[in-house]
Amino acid sequence: MSRQPRTQNRQPRTQNVTTDAGEARITWVTSPAPRLVLAVGHGAGGGIEARDLKALAAALPGHGVTVALVEQPWRVAGKKVAPVPKTLDTGWRGLWPALAAPGLPVVSGGRSAGARVACRTATELGAAAVLALSFPLHPPGKPEKSRADELLGAGVPTLVVQGGNDPFGRPDEFPPGPYALAEVDHGDHGFAVPKRSGATEEQTMRVVTDAVAGWIPSLG
């Protein structure tokens, strides 16, 4: 298992961005020697405090990745229910100029609903790649309502990081396609694992961050 560089004296910086869907917010965690930007959006049921997003923001700047934690306008406005996918896409498009402003390649990413947004908009926005955390392949218990077309249509190098027990789609349910998939053993949709697995949250998050850190060099 690879060692993670320590994060030292890296204070996040927030930036509000006006979009056609409302006021959005970016929390920048900058790398001392950035090679690219990883922009990650939250899901429909939570924000940037999700354990995997926090872990990526702590670990990846030491690997030359500036992490931009993106809060959609509905979340910034304090609403409890996410809008329709079209509105989420509008917010993401409006954020893109700010994400690209550092002049570095931008990996478009997110967890759950945020992963769907990243896949749907990657080609048109010129994303260098897509990171899909807990991609919701289908609603729980409804595998016939597949969203595989969004994932398969991303059109750029894509990494899916998926919990082994995710009710929105286990790794063995994913169709073949032009993407890489890393499994988090026993993980649910939020990458929580049962105590009987013997794994701690720190160990589980290390699986997530190692998978992403190992994939980044393949992007050139």
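The values are calculated or read from the model by the stated rules, or taken from the named source; none is laboratory data. As the structure is a prediction and not an experimental result, all values here were calculated from the model. Ideal geometry is used to build each Cβ from the backbone, glycine not excepted, and the neighbour counts take in all protein chains shown. Surface accessibility is based on the protein's heavy atoms, side chains included, excluding ligands, DNA and RNA. Shrake-Rupley method; radii C 1.70, N 1.55, O 1.52, S 1.80 Å.
Average the reciprocal distances over every distinct pair of alpha-carbons in the chain, invert the result, and give the Kirkwood radius in Å.
Evaluated over the chain, this radius sits at 17.2 Å.
Here is the list for segment 135-190: GluC sites (Glu not before Pro) lying in DSSP coil, each with at most 14 other C-beta atoms within 10 angstrom of its C-beta, are 144.
Please report the relative contact order for the chain, taking Cα pairs under 8 Å with a sequence separation of at least 6, and give it as a percent rounded to a whole number.
On the way: 475 pairs, mean separation 36.3, N = 220.
So the answer I get is 17 percent.
Place a +1 charge on the Cβ of each Lys and Arg in segment 128-196 and a -1 charge on the Cβ of each Asp and Glu, then give the dipole magnitude about the Cα centre in debye, rounded to the nearest 20. All intermediate terms of the calculation are to be shown ahead of the outcome.
Values: 6 positive and 9 negative charges, 36 e Å.
Approximately 180 debye in magnitude.
Take segment 101-162 with all the other protein chains still there, run a 1.4 Å probe, and you get 33 Å² of accessible area per residue. Could you calculate the FRET efficiency of residue 79 with residue 170 from 1/(1 + (r/R0)^6), where r is the beta carbon distance between them and R0 is 35 Å, rounded to 0.05? The calculated FRET efficiency here is 0.70.
Considering all C-alpha pairs of segment 71-156, those separated by over 22 Å amount to 26%. Taking every DSSP helix (H) stretch of at least 4 residues in the chain, weighting each as -39,500 (n - 2.57) and dividing the sum by the residue count yields a mean residue ellipticity at 222 nm of -8500 deg cm²/dmol. Please report the base-10 log of the normalised intensity I(q)/I(0) for segment 159-206, using a Debye sum with one equal scatterer per alpha carbon and no solvent, at each q in 0.13, 0.17, 0.19, 0.28 (1/Å). Here the Debye-derived log intensity ratios amount to -0.28, -0.47, -0.57, -1.03.
A simple charge model with +1 on the Cβ of Lys and Arg, -1 on the Cβ of Asp and Glu and nothing else charged puts the dipole of the chain at about 520 debye relative to its Cα centre. Solvent-accessible surface of segment 13-96, averaged per residue with a 1.4 angstrom probe and all protein chains in place: 42 square angstrom. An ellipsoid equivalent to segment 1-113, defined through the eigenvalues of its Cα gyration tensor, has semi-axes of 24, 15, 11 Å when rounded to whole angstrom and sorted largest first.
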